[in-house]
Amino acid sequence: MHYLTKLVKTIQNSREIVIATHRDPDGDGIAAALASAYLVKHYHRKKPTLFCHSRIPVKYHFLLGNWKFTRRLGDFDLLIAVDSAGISRIFPSLPERQLANKSIINIDHHRSNNSFGALRIIDEQASSACEIIYFIFKRLKIRIPKQLADIFYCGIYNETGGFVYPNTTKESLLIASELVGLGVQPDHLVKQMNAKTLSGTTLLTKVLSTIEVKHGVAMMYLCQDMLQRSSAEMSDSENFISFLQAIKGVRVSMFLREEKDSTRISLRSDGIIDVDKLARQYGGGGHRLAAGLRIRKDIHAAKKEILNTILREIKKQP
């Protein structure tokens, strides 16, 4: 419990607080940042600043309430980083020396976390960053209002794929049950989180048409032209990779997304290989069964290289 005392004192003794999550935020990262904002507000006289390098996807706007994320970084003395394995995931172009005199609290559940910050609250066994923060609230005996309960539920639901991914645990299901007891209506929240736009659905049809399966590895890609022709946003492609995972006989899934100067790649494994270990070779990371990376190559060159790397790893297995 020593870390909780340090956490509270650090918040109370800080002047300006920034809470930040990773670029291209998902439900857990956004919800964890919002939950941390409630925590700071409980102990600090001033509202914290919420920062994200990327725009918050429209599908998650219903969670924000009176909170707003900014893409501009002002003066601060405390950074609370959530759901981020490294500072570069939060600030892609900020020199680390600019953070040299800042206090940093690192709250995360990724195995690839590089242990940055003076206070590190990292639990690789937790289903999500939201689960870690939920237990902080419980241990500090802080009341969880209905709006915050919704936020926690959405973060855990999203990170566990609706309580079906391998990171779904007894604890995550018990938390979900407790949140329902606090007034959460799962059917209402899940409908909002899973709502699809027509442009996003059009984009999905184009992406699915690129599917290939080779030696148990399923692949598909999204290029900028598809986004333009569908009038869609990159955030509309969140969870598209689940369609690859559902294909019978697929052991590893790879979803490539073309960006301005690089290719973003999401990886999933049924356990035959450790995709976190693979992603770390390229500066990425995540979990053993789910990870991601960016590579400064065009989408076709990136696909060829990562596929070859995956196949080499598979061949090493007994």
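Can you run down the residue pairs with Cβ atoms below 7 Å, 6 or more apart or on separate chains, where the first is in region 163-176 and free of Cβ contacts under 8 Å to residues at least 24 places away in the same chain and the partner is in a helix (DSSP H, G or I) and loosely packed, with under 15 Cβ neighbours inside 10 Å?
Every condition considered, the pairs that remain are F163/L173.
When you check T168 against the structure, is it of a type in the set (V, I, T) and exposed (fewer than 15 other Cβ atoms within 10 Å of the Cβ), yes or no?
no
So for region 178-192 (the condition being modelled with pLDDT of 95 or more, of a type in the set (V, I, T) and closer than 19 Å to H110 by Cα), does at least one residue qualify?
No.
Here's the yes/no breakdown for (1) at pLDDT 95 or above; (2) within 26 Å of L198 (Cβ to Cβ); (3) in a loop (DSSP other than H, G, I, E, B); (4) not assigned by TED's automatic domain parsing to the domain that holds H22:
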residue: K248; (1), (2), (3), (4): yes, no, yes, yes
residue: F255; (1), (2), (3), (4): yes, yes, no, yes
residue: D261; (1), (2), (3), (4): no, no, yes, yes
residue: S266; (1), (2), (3), (4): yes, yes, no, yes
residue: L278; (1), (2), (3), (4): yes, no, no, yes
residue: L293; (1), (2), (3), (4): yes, no, no, yes
residue: K303; (1), (2), (3), (4): yes, no, no, yes
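Given the condition assigned by TED's automatic domain parsing to the domain that holds V8, in a loop (DSSP other than H, G, I, E, B) and out of contact with any helix residue (DSSP H, G or I) (no Cβ under 6 Å at 6 or more places or on another chain), answer yes or no: does some residue in region 34-43 qualify?
no
Do we have any residue at all in region 46-56 that's surrounded by fewer than 18 Cβ atoms within 10 Å (Cβ to Cβ) and within 17 Å of I151 (Cβ to Cβ)?
Yes, the conditions are met somewhere in region 46-56.
What pairs come out if I take residues in region 200-225 that are touching a residue at least 24 places away in the same chain (Cβ under 8 Å) and pair them with residues that are assigned to a loop (DSSP other than H, G, I, E, B) and crowded, with 20+ Cβ neighbours inside 10 Å whose C-beta lies under 8 Å away, six or more apart or interchain?
G200/A232; T202/A232; L203/A232
When you scan region 226-245, do you find a residue that is over 26 Å from C154 (Cα atoms), modelled with pLDDT of 95 or more, within 24 Å of the chain's Cα centre (by Cα) and part of a strand (DSSP E or B), even just one?
Within region 226-245, not a single residue is over 26 Å from C154 (Cα atoms), modelled with pLDDT of 95 or more, within 24 Å of the chain's Cα centre (by Cα) and part of a strand (DSSP E or B).
What residue, among those in region 298-314 that are in contact (Cβ under 8 Å) with a residue 24 or more places away in the chain and over 14 Å from Y221 (Cα atoms), is surrounded by the most Cβ atoms within 10 Å (Cβ to Cβ)?
Filtering region 298-314 for residues that are in contact (Cβ under 8 Å) with a residue 24 or more places away in the chain and over 14 Å from Y221 (Cα atoms), the one surrounded by the most Cβ atoms within 10 Å (Cβ to Cβ) comes out as I310.
Being at pLDDT below 95 and outside any loop (DSSP other than H, G, I, E, B) is the filter here, so list the residues in region 72-130 that pass it.
I87, S88, R89, E96, R97, Q98, L99
Residues of region 138-161 being part of a helix (DSSP H, G or I), surrounded by fewer than 23 Cβ atoms within 10 Å (Cβ to Cβ), in contact (Cβ under 8 Å) with a residue 40 or more places away in the chain and in contact with a Leu (Cβ under 7 Å, 6 or more places away or on another chain), which ones?
R139
Filter region 178-198 for residues that are part of a helix (DSSP H, G or I) and touching a Lys or Arg at 6+ places or on another chain (Cβ under 9 Å) and give the result.
Those that are part of a helix (DSSP H, G or I) and touching a Lys or Arg at 6+ places or on another chain (Cβ under 9 Å): E178, Q192, M193, N194.
Pick from L179, L174: which is over 21 Å from I87 (Cα atoms), surrounded by 23 or more Cβ atoms within 10 Å (Cβ to Cβ) and over 19 Å from the mean Cα position of the chain (by Cα)?
Result: L179 is the single residue among L179, L174 that is over 21 Å from I87 (Cα atoms), surrounded by 23 or more Cβ atoms within 10 Å (Cβ to Cβ) and over 19 Å from the mean Cα position of the chain (by Cα).
The values are calculated or read from the model by the stated rules, or taken from the named source; none is laboratory data. Quantities reported herein were computed from a predicted structural model and do not represent experimental measurements. Backbone-built Cβ (ideal geometry, glycine too); neighbour counts: all protein chains shown.
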